[in-house]
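Everything on this sheet refers to the single structure shown next.
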Amino acid sequence: MITTSEVPEKGTPWLVGVMVFAFALTPLLGYAAQLGFAPLMALVGLLVLPVMGKPRAPTAPALILLLLAIWAAFSMKWSPAAPPPGSLKDYGDVEKVTAVKLFLQLALYGAAVAAVLRLTAHGADRVATVMGFGVLALAVLVGVDALIGASIFQQLRVLTGDPIRPDLAKVKISIGCYVMAVLFWPAAAALARRGRRVAVGLLLAGVVTASLLSSADSCLVALAAGGVVWGLVKGLGKMGGRLLTAAVAVPFVVAPIAVLWAIQSGFWGWLHGLVPPSWDARLNIWAFAADRIQDHPFRGWGLDASRTFGDAIPLHTHNAQLQLWLELGAVGAALAGAFFCWLAHGVTRAAETDRGPAAMSGAALTSYLVIGALSFGVWQEWWIAVGALAIVACVAVRKSSGEYGGEWVELSPVS
């Protein structure tokens with residue numbers, strides 16, 4: 001166990017200020033401008049780089065992500081979504097290419113995660129406090145607005161000269177539920193550590209209310225799954241972490257095989273008769289993706305190929321594991337799976353010394369993966385940024401106790 005020094009390192013006040021700035025903006029972005037998490041995390045990365053010191057060799061998870069980005073870029077050689085030769089004429093054109101953005105995200109989001117690892121216990125405590133109350137404010141705001149039919153959001157849009165229909169307003173505020181479902185765990189831990197148990201209850205009520213009223217079903221599933229993992233790690237310690245690691249690994253290995261088996265056995269058809277239209281559409285997308293994966297199981301169809309199948313796959317597969325298999329094949333699925341298993345293994349190691357923070361981290365990881373398996377595309381910048389922000393939040397809570405064992409290792413070559 002490494003005891004955090006009480007003597008601030010050079011640049012620590014600046015790092016604390018940057019992290020506080022990020023979490024102070026979280027309620028605003030989570031409520032009204034979720035896409036803004038991508039530029040926010042990029043800005044955080046840029047702001048911390050000047051005080052991060054000399055670069056050093058990437059650690060294991062950073063190397064895994066680097067290899068994934070390289071393989072994704074290489075797959076553009078055969079991807080039907082590759083930009084035509086000569087179409088990349090300026091920086092704006094290049095910046096829109098997913099392969100380029102992956103390298104930028106790795107560098108900038110990784111720098112943000114590396115920065116929080118340098119905080120002292122006192123600095124981390126300040127960051128965790130702002131994070132906890134910021135997520136609470138977001139939950140209260142979204143929960144109240146969901147109760148009144150997104151009226152607040154509609155009024156804000158009227159004031160900005162961009163009115164929106166009530167049904168679309170409900171959809172817009174529902175996206176904030178996904179942010180809350182992931183950040184709920186570190187926020188609840190930060191508030192509970194300060195004895196704010198009523199605030200934790202209010203936080204949970206806000207997240208659940210908003211998710212129910214805005215039909216954000218996958219958020220409820222994510223919270224439930226996160227709660228199960230929290231209980232396993234809290235109750236079983238290392239064994240709970242090992243079960244989490246296995247649960248994380250299995251979908252990355254068997255996702256397409258499981259779907260194809262379910263179709264052939266008739267289980268898929270049985271599910272079609274039970275689920276509502278939105279989930280029925282997901283079943284169709286997953287079945288189509290699993291079938292296409294058989295064409296190129298090792299290399300995949302290429303980065304962003306999901307966007308080229310027309311109505312069969314609207315933009316992405318709504319399942320991270322299937323999208324990785326479809327676009328990057330077994331290679332990409334294995335690399336992504338290895339990264340998330342590494343994070344789950346960190347939960348196992350953390351459970352050796354402190355089950356509470358380990359359970360928090362495991363639950364946040366689970367919620368993020370569950371939502372990724374049901375709702376968003378793998379390469380959506382804002383969703384990747386929320387994942388990086390969740391790691392920052394979990395590390396801040398861990399370090400605020402005054403001790404940190406290094407289980408959540410740096411994700412960036414910058415340190």
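The values are calculated or read from the model by the stated rules, or taken from the named source; none is laboratory data. Predicted model only: the values in this text are computed from it and were never measured. Reconstructed Cβ throughout: ideal geometry from the backbone, glycine too, with neighbour counts over all protein chains shown.
Under the condition of being out of contact with any His (no Cβ under 7 Å at 6 or more places or on another chain) and of a type in the set (Val, Ile, Thr), which residue from the range 232-265 is nearest to residue 334 (Cα to Cα)?
Residue satisfying both the conditions and the ranking: 253.
Each row is one residue, and each column tells you yes or no for (1) more than 20 Å from residue 250 (Cβ to Cβ); (2) at pLDDT below 95; (3) not aliphatic (A, V, I, L, M).
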position: 271; (1), (2), (3): no, yes, no
position: 278; (1), (2), (3): yes, yes, yes
position: 289; (1), (2), (3): no, no, no
position: 317; (1), (2), (3): no, yes, yes
position: 321; (1), (2), (3): no, no, yes
position: 334; (1), (2), (3): no, no, no
position: 355; (1), (2), (3): yes, yes, yes
position: 360; (1), (2), (3): yes, no, no
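A single entry from 231, 201, 195, 241 fulfils the requirement of being surrounded by fewer than 19 Cβ atoms within 10 Å (Cβ to Cβ) and farther than 18 Å from residue 136 by Cβ: 231. All told, residue 195 meets the bar of being within 30 Å of residue 123 (Cα to Cα), modelled with pLDDT under 95 and out of contact with any helix residue (DSSP H, G or I) (no Cβ under 8 Å at 6 or more places or on another chain). So residue 367 clears everything in (1) modelled with pLDDT of 95 or more; (2) on the phi > 0 side of the Ramachandran plot except one condition, right? Which one? With respect to (1) modelled with pLDDT of 95 or more; (2) on the phi > 0 side of the Ramachandran plot, residue 367 is out only on (2).
Residue pairs whose Cβ atoms lie under 8 Å apart, sitting 6 or more positions apart in sequence or on different chains, and linking a residue in the range 137-159 that is farther than 16 Å from residue 206 by Cβ to a partner that is part of a loop (DSSP other than H, G, I, E, B) and aliphatic (A, V, I, L, M), are 154/164; 157/164.
Looking across the range 333-382, just one residue is surrounded by fewer than 22 Cβ atoms within 10 Å (Cβ to Cβ), among the polar types (S, T, N, Q) and within 28 Å of residue 217 (Cα to Cα), and that is 380. Just one residue in the set 114, 107 is within 21 Å of residue 43 (Cα to Cα), in contact with a strand residue (DSSP E or B) (Cβ under 9 Å, 6 or more places away or on another chain) and surrounded by 23 or more Cβ atoms within 10 Å (Cβ to Cβ); that residue is 114. Has the range 295-315 got at least one residue that is closer than 20 Å to residue 245 by Cβ, touching a residue at least 60 places away in the same chain (Cβ under 8 Å) and part of a helix (DSSP H, G or I)? No, the conditions are met nowhere in the range 295-315. Within the range 149-169, track down each residue that is buried (at least 20 other Cβ atoms within 10 Å of the Cβ) and outside any loop (DSSP other than H, G, I, E, B). Listed by number, the residues that qualify are 153, 154, 169.
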